[in-house]
Amino acid sequence: MKSSNSPFYLLSCLIVLVLLPVPSRSADPDSLQDFCVADLNATISVNGFPCKPASKVNANDFFFDGLTKEGDTSYTATNFGSSVTAANVLSFPGLNTLGAAMNRVDFAPGGLNPPHSHPRATESGVVIQGKLLVGFVTTQNVYYSKVLSVGEMFVIPKGLVHFQKNVGTGKALAFTAFNSQLARGCALYVSLCFTTHQFQMMC
């Protein structure tokens, strides 16, 4: 039996420690083929979606025009003057296994995309129209924010609570991107006020 102090043993431990983080470096697993257009009607439940047969794939699977349309930014009890249009695997099946998705976020004057997080993905974004206050809070309760104008970008680290607010005089528009085909979002006001009876009493 080799000693725990032998160079071979130490080298083996070092290799294991180096390789352990490899599977967790990306939000979604790497694809093993050119594409895997999602079969959204499949009855099989997996972490993602099964592939549509290649014989049924066509050009439309790789193109999406949903982000060309302005969202409804009307103020309601659960809408704070903003609208998120998602281009994720559910609306754009060609994204399946590619580890990417986008959102279009429209803002009415004074509109707010309320505090929320994306547990599965990092978010980056660019302001296309107007002026936005973008901020996030770290796990150490440190708050970072900045007012951004057209062409300026922001990044939100994975899982951190963040928001965007229109602080300009007119409408605002931003496009955001994620390193996950289905980043989803956990909105704090929904989680607290629209789930269990106990939380509803707090709102």
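Data overview
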| item | result |
| --- | --- |
| Only listed residue being closer than 20 Å to S180 by Cα and touching a Cys at 6+ places or on another chain (Cβ under 9 Å), chosen from L98, L67, L90 | L98 |
| Candidates K171, K146, K158, filtered to the one that is of a type in the set (K, R), touching a Pro at 6+ places or on another chain (Cβ under 8 Å) and more than 18 Å from G71 (Cα to Cα) | K158 |
| Out of F175, F136, sole residue that is buried (at least 19 other Cβ atoms within 10 Å of the Cβ), of a type in the set (A, V, I, L, M, F, W, C) and under 26 Å from T76 (Cβ atoms) | F136 |
| Of the criteria (1) under 16 Å from A86 (Cβ atoms); (2) in contact with a Phe, Trp or Tyr (Cβ under 6 Å, 6 or more places away or on another chain), which one R120 fails | (2) |
| Checklist (1) of a type in the set (V, I, T); (2) at pLDDT below 95; (3) surrounded by fewer than 16 Cβ atoms within 10 Å (Cβ to Cβ) applied to V150, failing item | (2) |
| Candidate set: the range 74-99, residues that are under 23 Å from R120 (Cα atoms) and of a type in the set (V, I, T); chosen: the one surrounded by the fewest Cβ atoms within 10 Å (Cβ to Cβ) | V84 |
| Residues of the range 102-123 classified as within 21 Å of P29 (Cβ to Cβ) and either modelled with pLDDT of 95 or more or not basic (K, R) (or both), total | 6 |
| Selection status of V150, in a loop (DSSP other than H, G, I, E, B), of a type in the set (V, I, T) and free of Cβ contacts under 8 Å to residues at least 60 places away in the same chain | yes |
| Residue selected from the range 40-79 under the condition in contact with a helix residue (DSSP H, G or I) (Cβ under 9 Å, 6 or more places away or on another chain) and in contact (Cβ under 8 Å) with a residue 24 or more places away in the chain, by the criterion nearest to L112 (Cα to Cα) | T78 |
| Residue that is modelled with the highest pLDDT [pool: residues in the range 14-49 that are among the small types (G, A, S) and under 23 Å from T122 (Cβ atoms)] | A38 |
| Among the candidates D61, D34, residue that is charged (D, E, K, R) and assigned to a loop (DSSP other than H, G, I, E, B) | D34 |
| Flag if K52 is modelled with pLDDT of 65 or more, basic (K, R) and either more than 27 Å from F154 (Cα to Cα) or surrounded by fewer than 18 Cβ atoms within 10 Å (Cβ to Cβ) (or both) | yes |
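Residue-wise test of (1) in contact with a strand residue (DSSP E or B) (Cβ under 7 Å, 6 or more places away or on another chain); (2) at pLDDT 95 or above; (3) not in a strand (DSSP E or B).
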| residue | (1), (2), (3) |
| --- | --- |
| G94 | no, yes, yes |
| G125 | yes, yes, no |
| L133 | yes, yes, no |
| F136 | yes, yes, no |
| S145 | yes, yes, no |
| G168 | no, yes, yes |
| R184 | no, no, yes |
| Q198 | no, no, yes |
| M202 | no, no, yes |
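The values are calculated or read from the model by the stated rules, or taken from the named source; none is laboratory data. Model, not experiment: these values are computed from the prediction. Don't worry about glycine lacking a Cβ; one is built from the backbone with ideal geometry, like all the others, and counts go over all protein chains shown.
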